[in-house]
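Presented below is the structure to which this report refers.
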Amino acid sequence: MELNALEQSLHTARALVMADLAAGDVAEADVVSLVEDAVTHRRWWVEQWPEGAEFVAGLVAQDVQDALLERYGRWPLCPACSPEEEPHALDVEPELGPDPHWVCTKAAVAVAPVGALGEVLRR
């Protein structure tokens, strides 16, 4: 894989995850640092497996989600389920594949592509 294509996949992943964080008003400086850490980690990963470049956005989203859970709690919370239900986080599917989406496994619905949570949250 050409270096520019590798960097493009990483920049795209960063932009998509940042868009989702901003949509949920959680794009604070310390959270942005978590995104940068995830991108740095995945840079090494995709250098080792260039064919996995199309999977990077979903992996970065999962990495950030895991880091946020450890430090702050669940993210992103499911907007598809009733507010009366216990809050739960969305999952990224496929776990390792192209075209990652945020899904509610409880309701078995795709909520939004990674990077497009803002469209759902503004409704």
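The values are calculated or read from the model by the stated rules, or taken from the named source; none is laboratory data. Source: prediction; values computed, not measured. Because the Cβ atoms are built from the backbone with ideal geometry, glycine has one as well, and the counts that use them run over all protein chains shown. These accessible areas exclude ligands, DNA and RNA; they are computed on the full protein's heavy atoms, side chains included. Shrake-Rupley method; radii C 1.70, N 1.55, O 1.52, S 1.80 Å.
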inquiry  = Go through (1) outside any loop (DSSP other than H, G, I, E, B); (2) modelled with pLDDT of 95 or more; (3) out of contact with any Gly (no Cβ under 8 Å at 6 or more places or on another chain) for Val92 and report which single condition fails.
reply    = (3)
remark   = (1) without any contact (Cβ under 8 Å) to a residue 40 or more places away in the chain; (2) buried (at least 21 other Cβ atoms within 10 Å of the Cβ); (3) within 16 Å of Arg71 (Cβ to Cβ) all hold for Glu28 apart from (2)
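Is there a residue in region 3-22 that is in contact with a Leu (Cβ under 7 Å, 6 or more places away or on another chain) and either of a type in the set (A, V, I, L, M, F, W, C) or open to solvent by 40 Å² or more (accessible area, probe 1.4 Å) (or both)?
No, region 3-22 has no match at all.
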key: Members of region 1-32 found to be modelled with pLDDT under 95 and acidic (Asp, Glu), listed by number   = Glu2, Glu7, Asp25, Glu28, Asp30
remark   = (1) closer than 16 Å to Ala112 by Cβ; (2) open to solvent by 40 Å² or more (accessible area, probe 1.4 Å); (3) out of contact with any strand residue (DSSP E or B) (no Cβ under 6 Å at 6 or more places or on another chain) all hold for Trp44 apart from (1)
ask   = Can you tell me which residues in region 27-71 are within 22 Å of Ala89 (Cβ to Cβ) and either among the hydroxyl-bearing types (Ser, Thr, Tyr) or touching a Ser or Thr at 6+ places or on another chain (Cβ under 7 Å) (or both)?
value = Ser33, Val56, Ala57
inquiry  = The conditions are (1) exposed (fewer than 13 other Cβ atoms within 10 Å of the Cβ); (2) without any contact (Cβ under 8 Å) to a residue 40 or more places away in the chain; (3) among the hydrophobic types (A, V, I, L, M, F, W, C), and Ala67 fails exactly one of them. Which is it?
reply    = (1)
inquiry  = Residue under question is Thr105, and the condition is that it be farther than 16 Å from Ala116 by Cα, of a type in the set (Ser, Thr, Tyr) and touching a strand residue (DSSP E or B) at 6+ places or on another chain (Cβ under 9 Å); does it hold?
reply    = yes
key: Candidates Pro87, Pro83, Pro50, Pro98, filtered to the one that is without any contact (Cβ under 8 Å) to a residue 12 or more places away in the chain, open to solvent by 10 Å² or more (accessible area, probe 1.4 Å) and not hydroxyl-bearing (Ser, Thr, Tyr)   = Pro83
